[in-house]
Structures are given as C-alpha cells and as structure tokens.
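Notes follow the structure.
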Amino acid sequence: MENFFYIIFLLFIGVLIRKNSFFPENTAKVLNLFVIYISLPALILYKIQELHFSSELWIPIFMPYFMLGLSVISIYIISKIRKWERKVTACMLLLIPLGNTSFLGIPMVESFFGKDAIPYVLLYDQLGSFLLLSTYGSIIISVYSNSPSNLSLKQVLLKILSFPPLIFLCLAFVLKPFSYPAIFQSILKNLSSTLIPLVMIAVGFQLELRPNKSQLGFIGTGLFIKLILAPLVALSFCKLFGFKGKAALVSIFEAGM
C-alpha cells in the first residue's frame, strides 16, 4: 500500500509541475525519452539476470497475443451491434488490445507484486505488447486511415529492431550466463531506479480528465472490456490450464493495463 501511495504522489507531482511555467510543454516527452533510452534498458539488463528459465515464462509471452485475439473479436461484434463509426472502431481496436504495459505496468506490478515480478513484466511488454504495437498497431492505422499509408514492411521491421529496450532485452539474454561486475550492477541498479519516478511524473504531466459527454458511452465500454472483462478472461485462461505463480498473476494483471 505504501508503494501505491508513492505512485499517486508522483502523479500529483506531474500534475503540479504542468501548472508551473518553469517546466516546458515538452517535459513529458523528454522524461519519456530518458526512460526509453536509459532507464528501461538499464532495468532490463539488471532484472533479466534474476530470471530463472522455466515453462512458466511462456505465460507472459503468450498472454498478450491471446488477449489481442479475443479483444479484436469482441470489439468487432460490439461495433456491429452498436453501429460504431469507423474512427470509433479504430480507436477501440488500438486502445483495448494494446496496453501501457511498461510505463504503467512496471510501477503498478512492482507496487502489488514486488520487484521480483518485474522480469515477467518485461517479457509481457517487450515480446508481446511492443511487437503487437509495431505490427498489429501499424496495420490498424493503415486500414482505418483516411489517407493512404506509406508504411512498408521494411519500416515496421526497422522500427522493431531499432527500439532500444528490445535491443537490450536481446543483449540481456546473451549476457545472462555471465555475472556482472559489482560496479556495473550498482550503475544499472541506480539507473533503473529512475524509471518509476520519471514515468509517473510524465504520466501526471500529461493527465487530463476532461472527457466529452458524448464520448462517455465509448469510454465506459472500453474501460469495462479493458479493466474488468480482459483480466477475468486472463484469469479464466490461467485457471483452465492450471497456470499458477507470479508469472500467471503478472500476466493477468497486465491484461488490464
């Protein structure tokens, strides 16, 4: 509970500094870039060393794809019944199957499950959510865009292969058999500790709770599917196949991110 209040406090700091003219409008962008290029790669290198190879590692890797399939089918059916506009359907197809499984996922998982659960978040995010964002997300944007898309397969692959956290995830697995020098471990630990404060302050800086009344129905539907239905389905899936342990719990939790 203490960690949860810490996260809320960081969000509040982000909201406050947005109202302060000393901080430029691109503050959140700068913080996010630091996280992507420094904090998250450091966390990956540091935490993958603690990962123990077992069959349960497939749970956080497979779960994002399973949830994507069910989410897309659900959204398609609801969109036909409710007769949504194309732009609403496109928005739902992006926001519900794809989640903020790293920037929000990492601090929330650490808060509820502890630091030893972070490696499972990294697998769920980098080998699931990020790859889906780059591929499935690009396809949805291309299909539902009003203007022709110039995005090519080469560009998508380049985007995936040049993403710093994914590069460092591959490097972390290569380096896993080797022990890091104590000084390097200390550097990684200190750099990775900047992730949660920077991420949550950036989120707070960008936070705006001013929904249009005409959009409340769409927002309610999306939140119900994402925050209630998706975790329940993930829980049922894990129960059905007898998946237990922290990897399963993190995967269920991340399904609602």
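Values quoted throughout were computed directly from the atomic coordinates according to the rules given, and no laboratory measurement underlies them. Worth saying up front: this structure is predicted, and the values here are computed from it rather than measured. Ideal geometry is used to build each Cβ from the backbone, glycine not excepted, and the neighbour counts take in all protein chains shown.
In segment 162-172 there is no residue matching the filter, namely being exposed (fewer than 14 other Cβ atoms within 10 Å of the Cβ), under 18 Å from M108 (Cα atoms) and of a type outside the set (A, V, I, L, M). Applying the criterion of at least 1 residues that are within 29 Å of S74 (Cα to Cα) and within 21 Å of the chain's Cα centre (by Cα) to the helices (runs of 4 or more DSSP H) found wholly in segment 158-257 leaves 195-206, 216-223, 230-240, 246-255. Considering each of I7, I78 in turn, give the residue that is of a type outside the set (D, E, K, R), farther than 19 Å from V199 by Cβ and in contact with a Ser or Thr (Cβ under 9 Å, 6 or more places away or on another chain). Unique residue meeting the criteria: I78. Of the residues making up segment 10-36, those that are more than 11 Å from V199 (Cα to Cα) and either in contact with a Phe, Trp or Tyr (Cβ under 6 Å, 6 or more places away or on another chain) or loosely packed, with under 13 Cβ neighbours inside 10 Å (or both) are I17, R18, K19, N20, S21, F22, P24, E25, N26, T27.
Here is a yes/no grid of residues against (1) within 16 Å of the chain's Cα centre (by Cα); (2) touching a residue at least 40 places away in the same chain (Cβ under 8 Å):
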position: E2; (1), (2): no, no
position: V35; (1), (2): yes, yes
position: A42; (1), (2): no, yes
position: W58; (1), (2): no, no
